[in-house]
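Each remark here refers to the structure printed beneath this line.
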Amino acid sequence: MKIDIVSVFPEYFEALNVGLFGKAIEHGLLDVKTHDLRDWTHDVHHSVDDTPVGGGAGMVMKPEVWAECLDDLLELEPVEIADTNDVADSSKQSESDDDSENPDLSEANPAKPILIFPNPSAPLFTQRDATELSRADHLLFGCGRYEGYDARIPRYYRAQGVDVREYSIGDYVLNGGEVAVSVMLEAITRLMPGFMGNPDSIVEESYTGQNALLEHYQYTKPAIWRGMGVPDVLTSGDHGNVNRFRRDEAIAHTDRLRPDLIAQLDCKSLDKADRKTLMSLGWEVSGSHPRKLND
Ligand code: SAM
């Protein structure tokens with residue numbers, strides 16, 4: 001996979017050379033290039049930001065600098081486009097909490113990299129997005145700073161047929177997109193075939209698969225540590241019972257912390273024991289998805 005990252009702090013990504021990510025670069029599984037956005041400026045101060053139109057605090061990243069950079073990396077000629085400054089259209093996008101902002105791919109140009117901007121006011125980046133993006137050939141990340149980037153940038157490149165995604169990594173605001181890009185990159189690349197030493201370790205993880213749950217608790221040796229034991233069943237050697245115990249623990253853990261994930265399970269895929277556990281936790285398991293009683 002080719003990965004390009006544009007940032008005003010490209011040195012931030014030197015940390016990627018460690019651990020499994022570093023090994024994947026070394027083995028040629030990943031080809032990562034970082035770019036300094038300021039290389040596309042023309043003024044003596046190398047400025048990439050300007051004051052917000054309409055007033056207000058902070059600075060906004062300029063579209064001209066980003067566009068010169070992205071045109072180069074995407075090999076696109078600058079064009080004037082019919083202005084789609086359609087507030088209804090952009091608010092429809094930002095209200096979306098499903099994949100509709102990110103986007104109808106049928107019109108996107110598959111020969112171009114997927115262009116990804118981290119943005120706290122975009123749909124949440126999930127394991128599903130990471131899984132989909134782990135199959136891409138080429139990703140291009142643009143790290144925002146200050147109050148963010150001019151909103152016309154993603155609109156312009158979508159209009160050029162580029163598959164543009166904007167993702168938030170959580171309900172909080174960071175200083176810049178570098179951390180968010182690092183988070184997305186870790187989540188995406190570890191799902192690539194050949195990335196993990198043991199590919200089985202990503203099969204049964206939290207948020208993974210069609211019927212995603214939080215994972216069961218994990219323990220290692222010693223079986224007793226500072227007076228604390230592990231559940232007896234885990235040392236019984238009975239794999240059937242161990243699997244059932246872990247599955248029930250995953251269901252109970254998810255019920256406690258993320259009942260929204262239980263409510264998305266497909267009832268048809270639940271076995272008798274799953275149903276029994278869910279019912280004991282107050283879920284009705286009929287119809288297409290479980291429903292919490294007394295909600
Ligand atoms: N004014 C923006 C707002 O209130 O939504 C915040 C801008 S933030 C200080 C600067 C940049 O950091 C953003 O453009 C984005 O690239 C990145 N960023 C900050 N928080 C993020 C989050 N939760 N998820 C993804 N990117 C984030």
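The values are calculated or read from the model by the stated rules, or taken from the named source; none is laboratory data. No experiment lies behind these values; they were computed from the predicted model shown. FYI the Cβ positions are ideal-geometry reconstructions off the backbone, even for glycines, and counts take in every protein chain you see. The protein model used for the area step is the full one, side chains on, heavy atoms only, and it has no ligands, DNA or RNA in it. Shrake-Rupley method; radii C 1.70, N 1.55, O 1.52, S 1.80 Å.
Please enumerate the residues belonging to the stretch 111-121 that are within 15 Å of the ligand (Cβ to nearest atom) and buried (at least 20 other Cβ atoms within 10 Å of the Cβ). Before you say what the answer is, go through the steps one by one.
First pass over the stretch 111-121, keeping only residues within 15 Å of the ligand (Cβ to nearest atom): 115-121.
Residues satisfying the conditions are 115, 116, 117, 118, 119.
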Within the group 170, 209, which residue is open to solvent by less than 70 Å² (accessible area, probe 1.4 Å), in a loop (DSSP other than H, G, I, E, B), within 16 Å of the ligand (Cβ to nearest atom) and farther than 25 Å from residue 76 by Cα?
170
Within the stretch 173-204, which residues are surrounded by fewer than 14 Cβ atoms within 10 Å (Cβ to Cβ), in a loop (DSSP other than H, G, I, E, B) and more than 8 Å from the ligand (Cβ to nearest atom)?
193, 194, 197, 198, 203
Give the stretch 46-57 a look and list any residue that's over 18 Å from residue 7 (Cβ atoms) and of a type outside the set (Asp, Glu), or say none.
51, 52, 53, 54, 55, 56, 57
Could you grab me the full set of residues in the stretch 124-156 that are open to solvent by 20 Å² or more (accessible area, probe 1.4 Å), under 26 Å from residue 215 (Cβ atoms) and within 13 Å of the ligand (Cβ to nearest atom)?
124, 125, 126
Which residue pairs have Cβ atoms closer than 6 Å, lie 6 or more positions apart in sequence or on different chains, and pair a first residue in the stretch 159-179 that is farther than 14 Å from residue 123 by Cα and in contact (Cβ under 8 Å) with a residue 60 or more places away in the chain with a second residue that is within 9 Å of the ligand (Cβ to nearest atom) and in a loop (DSSP other than H, G, I, E, B)?
176/143; 176/145; 177/143; 177/144; 178/143
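Can you pull out the residues in the stretch 212-230 that are surrounded by 15 or more Cβ atoms within 10 Å (Cβ to Cβ) and either of a type in the set (Val, Ile, Thr) or over 33 Å from the mean Cα position of the chain (by Cα) (or both)? Step through it out loud before you land on a result.
Quick first cut of the stretch 212-230, residues surrounded by 15 or more Cβ atoms within 10 Å (Cβ to Cβ) only: 212-216, 230.
Within the stretch 212-230, 230 is the sole residue that qualifies.
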